[in-house]
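Report on the following structure.
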Amino acid sequence: MWSVLTWIRDVVAEYTWFWWSSNGSNSNAILLVGLDDAGKTTLTGRLTQNRLIQAPPTPKPVKHEFKIGSTTLAITDVGGHQQARRLWRDYMFASTRLIFMIDASNRQRMPEARYELLQILNDDDMNFAPLLILGNKIDNVDTAYSENDLRYHLQLDKYLNEENPRVKLCMCSIKRNEGFTDGLQWLIKRPIKSEN
Ligand SMILES: Nc1nc2c(ncn2[C@@H]2O[C@H](COP(=O)(O)OP(=O)(O)O)[C@@H](O)[C@H]2O)c(=O)[nH]1
Ligand SMILES: [Mg+2]
């Protein structure tokens with residue numbers, strides 16, 4: 001039976017291993033965050049197995065390895081439920097690149113997504129890390145926001161400008177295998193601030 005206690009125990013074990021294996025400074029490490037149900041696990045299925053997977057909610061952080069060209073990347077999906085969100089910040093220090101995934105078709109949860117995203121964008125300790133925002137589920141054509149509307153509802157204008165190419169927004173459908181490749185390529189090429 002899943003409980004918060006077993007979840008915390010698993011996370012502590014995983015986190016210790018994560019630090020040990022990444023040595024805290026793996027420039028090919030990507031941290032994948034976002035609300036639950038945004039499509040994070042579906043993205044890791046695409047990247048690691050090249051297929052559409054259906055997975056239960058992610059109970060604890062999971063690290064996956066995959067290749068883009070000749071570069072091996074490690075992507076850690078921390079989960080998006082309330083308890084997991086408390087850990088995002090801790091994992092961020094061990095990761096150098098970030099993906100924040102949003103269900104662009106879930107208008108009801110947009111304020112919640114905006115709140116969590118702005119916490120990251122306004123965190124001075126994190127401003128070295130390139131951040132890719134994926135607006136997912138654009139195949140839900142009746143409800144999905146356009147790129148401009150998503151930008152407006154997430155209050156991103158301040159962050160998405162020429163002077164701050166640290167942040168990029170891409171609209172995508174993981175289900176249809178569309179729209180995220182350019183964003184990922186940008187993410188892995190973008191130097192982290194300390195490398196500039
Ligand atoms: N329509 C649509 N559904 C998607 C897409 N990507 C993921 N989903 C669905 O969204 C639900 C949550 O996905 P999941 O990857 O488990 O979300 P997570 O909680 O962020 O890991 C699942 O039912 C997925 O099949 C997409 O691009 N389009
Ligand atoms: Mg998941």
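The values are calculated or read from the model by the stated rules, or taken from the named source; none is laboratory data. Remember, it's a predicted structure, so these values are computed and weren't measured experimentally. Methodologically, a virtual Cβ is constructed for each residue, glycine included, from the backbone with ideal geometry; neighbour enumeration extends over all protein chains shown.
Taken across the range 54-64, residues that are within 10 Å of ligand 2 (Cβ to nearest atom) and under 11 Å from the mean Cα position of the chain (by Cα) do not occur at all.
Residues in the range 151-170: is at least one of a type in the set (A, V, I, L, M, F, W, C) and loosely packed, with under 12 Cβ neighbours inside 10 Å? No.
Based on what the data block shows, is Val33 touching a Pro at 6+ places or on another chain (Cβ under 9 Å), within 15 Å of ligand 2 (Cβ to nearest atom) and either part of a helix (DSSP H, G or I) or modelled with pLDDT of 80 or more (or both)? Against the criterion (touching a Pro at 6+ places or on another chain (Cβ under 9 Å), within 15 Å of ligand 2 (Cβ to nearest atom) and either part of a helix (DSSP H, G or I) or modelled with pLDDT of 80 or more (or both)), Val33 does not qualify.
A Cβ distance below 8 Å, combined with a sequence gap of six or more or placement on separate chains, defines the contacts here; from the range 91-111, residues that are over 15 Å from Gly39 (Cβ atoms) and assigned to a loop (DSSP other than H, G, I, E, B) reach residues that are within 15 Å of ligand 1 (Cβ to nearest atom) and at pLDDT 95 or above in the pairs Arg107/Thr143; Arg107/Tyr145. Mind checking whether some residue in the range 37-48 is more than 10 Å from ligand 1 (Cβ to nearest atom), exposed (fewer than 15 other Cβ atoms within 10 Å of the Cβ) and in a strand (DSSP E or B)? No, because not a single residue in the range 37-48 is more than 10 Å from ligand 1 (Cβ to nearest atom), exposed (fewer than 15 other Cβ atoms within 10 Å of the Cβ) and in a strand (DSSP E or B).
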